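*Asks:* Let me begin by handing over the structure; questions about it come next.
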Amino acid sequence: MNAKPSLFSELRRRNVFRVALTYAVIAWLLIEIASVLLPLVDAPESLITAFVVLLALGFAVALFISWSFEMTPEGLKRTQDLSPDEVIPYWSRRKFARFIIGVAGTAFCLSAYHLLFPAPARNFSQSEPVSISQSSPSLSEKPSGVEQLLRDLDAQWAKAAAAKDVEQTIAYYADDAIVLPPNATSAATKEAVRNVWRDMFASPGLVISWQPTRVQVGKSGEMAWVRGTYELTTNDASSKPIDDRGKYLEVWEKQTDGNWKCAADMWNSDLAASAPAPSEKK
């Protein structure tokens with residue numbers, strides 16, 4: 001009477017170990033290929049995560065198929081339906097080892113390339129706003145990429161203004177930009193724009209901040225507008241703080257060198273204007 005085969009020997013007989021190893025190295029290769037190619041097309045990181053999860057689910061499916069079915073010249077057949085004299089093609093150990101080593105070696109090379117030459121991160125430096133360019137065609141063509149870029153630029157612009165850095169603040173304007181400050185004449189030259197911000201920064205106790213609430217990119221991809229809210233505090237003659245809040249609108253244009261600059265800037269307060277004191281009658 002033959003003893004019942006052990007689980008280990010049964011897994012080996014049904015090629016479960018070979019399938020698991022083959023699937024693992026192929027999945028590794030596919031992940032490395034995805035990690036190199038997907039960033040080139042500006043794919044979101046969630047896509048890579050979903051791909052890895054899909055491969056993990058496929059691993060369980062592959063093990064189930066290798067346990068329940070056998071590949072025969074006529075196609076897949078359930079293992080329990082095979083006759084004892086059924087001819088089942090197998091790879092030789094040498095051929096299988098060559099295949100595994102080849103796939104694993106390719107995956108290792110891609111992994112080493114990914115580690116040695118990582119994809120450059122889109123890091124927008126506050127100190128060098130004019131150096132930010134749309135060198136990637138996918139970023140300039142996709143509205144979502146431009147929207148995020150403009151949000152980052154606007155946030156850095158706010159930091160420069162909060163630091164009261166005049167030159168850094170006006171660096172975000174195009175050369176022909178126009179600024180429309182409230183209760184003042186428009187500024188249409190670089191020097192006039194500089195004076196607007198210089199006078200504002202000279203206000204005692206100035207604290208200024210703003211943040212975008214919406215970014216809309218034009219169909220051409222060459223122009224966009226940003227709207228948001230601002231908060232501003234200054235001190236009056238008696239050093240008493242005066243708070244102001246309002247909204248702003250910026251029009252951004254993509255320059256010939258690929259950089260985005262603000263072409264028009266305007267803001268005004270949400271607070272009602274103070275009524276002038278009534279004049280005394282004689």
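*Asks:* Do you know which residues across segment 198-208 are more than 32 Å from the chain's Cα centre (by Cα) and open to solvent by 60 Å² or more (accessible area, probe 1.4 Å)?
*Replies:* Listed by number, the residues that qualify are Arg198, Asp199, Ala202, Pro204.
*Asks:* If Lys219 meets every condition in (1) in a loop (DSSP other than H, G, I, E, B); (2) at pLDDT 90 or above; (3) among the basic types (Lys, Arg) apart from one, which number is that one?
*Replies:* (2)
*Asks:* Which of the helices (runs of 4 or more DSSP H) found entirely inside segment 73-172 contain at least 3 residues meeting this: closer than 29 Å to Val217 by Cα and at pLDDT 60 or above?
*Replies:* Fully inside segment 73-172 and qualifying: 143-162, 166-170.
*Asks:* I've got another one for you. With the requirement that a residue be at pLDDT below 85, surrounded by 13 or more Cβ atoms within 10 Å (Cβ to Cβ) and touching a helix residue (DSSP H, G or I) at 6+ places or on another chain (Cβ under 7 Å), what does segment 33-50 give you?
*Replies:* Within segment 33-50, Ala34, Ser35, Val36, Leu38, Asp42, Ile48 meet the criteria.
*Asks:* Within segment 190-197, can one find any residue that is surrounded by fewer than 12 Cβ atoms within 10 Å (Cβ to Cβ) and in a helix (DSSP H, G or I)?
*Replies:* yes
*Asks:* Tell me yes or no: at least one residue of segment 209-231 is over 22 Å from Arg151 (Cβ atoms) and open to solvent by less than 80 Å² (accessible area, probe 1.4 Å).
*Replies:* No, that holds for no residue.
*Asks:* State yes or no: is Ser239 in a loop (DSSP other than H, G, I, E, B) and either farther than 17 Å from Lys261 by Cα or touching a helix residue (DSSP H, G or I) at 6+ places or on another chain (Cβ under 6 Å) (or both)?
*Replies:* yes
The values are calculated or read from the model by the stated rules, or taken from the named source; none is laboratory data. These figures come from a predicted structure and were not determined experimentally. In this analysis, Cβ positions are derived from the backbone assuming ideal geometry, glycine residues included, and neighbour counts consider all displayed protein chains. Surface accessibility is based on the protein's heavy atoms, side chains included, excluding ligands, DNA and RNA. Shrake-Rupley method; radii C 1.70, N 1.55, O 1.52, S 1.80 Å.
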